[in-house]
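Chemist: Just dropping this structure here.
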Amino acid sequence: MRYLILSDIHANATALDAALAAADGRWDRVACLGDLVGYGPDPNDVVERIRALDSAAIRGNHDRAGSGLADAEDFNPIARAAALWTRDQLRPENLAYLRDLPPGPVQVNGISLIHGAARDEDEYVVAPGQALACLLETSSAVNFFGHTHLQGGFSFHDNRLEAIQPRPEPGASFSALRLEKDWRYLLNPGSVGQPRDGDPRAAFAISDLEHQVVEFWRVPYEIPAVQKRMVSAGLHDSLVHRLALGR
Ligand code: ZN
């Protein structure tokens, strides 16, 4: 079973469409690591695409805030304003879908889906110690997480934890990580709709455990078109600008 792993789409339908077009024919099922909405201008379009794909999905902090499950009090003012705008926009069936998303970790076909950390869906896992703690709390060999919007992750073997930065070369669409037998992995596909690792292209991954390969993808998309919709929606300037910077 090949999984298309999507995370942190953040209501960016143009980036999602570019990812789906690039990955066409290369996966059997979609897994979504949360934050379908928040920040971006297309919450209904994104939720409807993910629903239509019959994705295995878990919730993120922005799905809680955008659907009214959480009050967004812990968000900064810009993120909170975007969450409240999102809540206003969402059609009832999409709001209900987001509210019903389970928290991670959820296991599907031997992989674990996590938004932040295994013990706390709101934790940003960036340091090796956090990654190790997360791996100790899951039983899957291959675990996918999101929330940081940074493509890459960690491997663990023989008591050694190593960072993985499998970014595609400039001009290349993806780089492949060969999975070693008996190693464990905590991998981040990156953010589809708001990358923060300096590369503004949409990020995602394709996991093929049968062949022991995970591909880390980057695909360009029409950023100005999304920015224009954000401006019309009245979303904050800093959210508009960061898309082009990938930060
Ligand atoms: Zn996010």
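Chemist: How do the peptides 233-239, 116-122 rank, highest first, by the average count of neighbouring beta carbon atoms within 10 Å per residue?
Modeler: On the way: 233-239: 14.7, 116-122: 18.6.
Highest mean packing first, the order is 116-122, 233-239.
Chemist: Here's a follow-up. In a shell of Cβ-Cβ distance under 15 Å around S238, excluding S238 itself, what net charge do Lys and Arg (+1) and Asp and Glu (-1) give?
Modeler: Values: positive: R80, R196, R242, R247; negative: D237.
Net local charge, S238 excluded: +3.
Chemist: Ignoring ligands, DNA and RNA, please state the percent of accessible area on the chain from carbon and sulfur, probe 1.4 Å.
Modeler: Numbers: 5100 of 10250 Å².
Exposed carbon and sulfur together represent 50 percent of the surface.
Chemist: Let me ask you something else. Could you derive backbone 3J(HN,Hα) for segment 109-122 from the dihedral phi with the Karplus parameters 6.51, -1.76 and 1.60 (θ = phi - 60°), listing whole Hz in sequence and x where the residue is Gly or Pro?
Modeler: Couplings: 6, x, 10, 9, 10, 9, 7, x, 10, 5, 8, 8, 5, 9 Hz.
Chemist: Let me ask something else about it. What is the set of long-range amide H partners of L177 at a cut-off below 5 Å, with H atoms built 1.01 Å from backbone N?
Modeler: V214, E215, F216
Chemist: Could you give the radius of gyration (one decimal) and Dmax (whole number) of the Cα atoms in segment 119-247, in Å?
Modeler: Every Cα atom of segment 119-247 included, Rg and Dmax give 16.1, 53 Å.
Chemist: Continuing with the same structure: Show that you can apply the helix-only estimate: for the chain, add -39,500 (n - 2.57) for every DSSP H stretch of four or more residues, divide by all residues, and state [θ] at 222 nm to the nearest 500.
Modeler: Details: 8 runs with 78 residues, N = 247.
The per-residue figure over the chain is -9000 deg cm²/dmol.
Chemist: I've got another one for you. May I have the convex hull volume per residue, in Å³, for the Cα set of segment 2-245? List each step's numbers first, then the result.
Modeler: Numbers: hull volume 27.1 nm³, N = 244.
Cα convex hull per residue, to the nearest whole number: 111 Å³.
Chemist: What is the spin-label model distance, in nm, from A163 to E73 if the labels are put 7 Å beyond Cα along the C-beta direction?
Modeler: That separation, rounded to one decimal, is 3.5 nm.
Chemist: Let me ask something additional. Explain nothing, just the number: relative contact order of the chain, from Cα pairs under 8 Å at least 6 residues apart, as a whole percent.
Modeler: Numbers: 592 pairs, mean separation 56.2, N = 247.
Contact order relative to length: 23 percent.
Chemist: Sticking with this structure for a sec: Tell me the angle of helix 223-233 to the major Cα principal axis of the chain, expressed in degrees between 0 and 90 and rounded to the nearest ten.
Modeler: 40
Chemist: Please calculate how many Å² of accessible area segment 137-231 carries per residue, with a 1.4 Å probe and no DNA, RNA or ligand atoms counted.
Modeler: Accessible surface, normalised per residue, equals 43 Å².
Chemist: Using only Cα atoms, tell me the angle between helix 43-52 and the longest principal axis of the chain; keep it within 0 to 90° and round to the nearest 10.
Modeler: Rounded to the nearest ten degrees, it is 50.
Chemist: Could I ask something else about it? Can you tell me the 0 to 90 degree angle between the C-alpha axis of helix 13-23 and the longest principal axis of the chain, rounded to 10?
Modeler: With both axes taken from Cα atoms, the answer is about 30 degrees.
Chemist: If packing is taken as the average count of other Cβ atoms within 10 Å, what order do 188-194, 68-74 fall into, highest mean first?
Modeler: On the way: 188-194: 29.4, 68-74: 14.1.
Averaged packing, sorted descending, gives the order 188-194, 68-74.
The values are calculated or read from the model by the stated rules, or taken from the named source; none is laboratory data. For clarity, every value in this text was computed on a predicted model and none was experimentally measured. Please note: Cβ atoms are built from the backbone with ideal geometry, for glycine as well, and neighbour counts cover all protein chains shown. Only protein heavy atoms, including side chains, enter the accessible area calculation; ligands, DNA and RNA are left aside. Shrake-Rupley method; radii C 1.70, N 1.55, O 1.52, S 1.80 Å.
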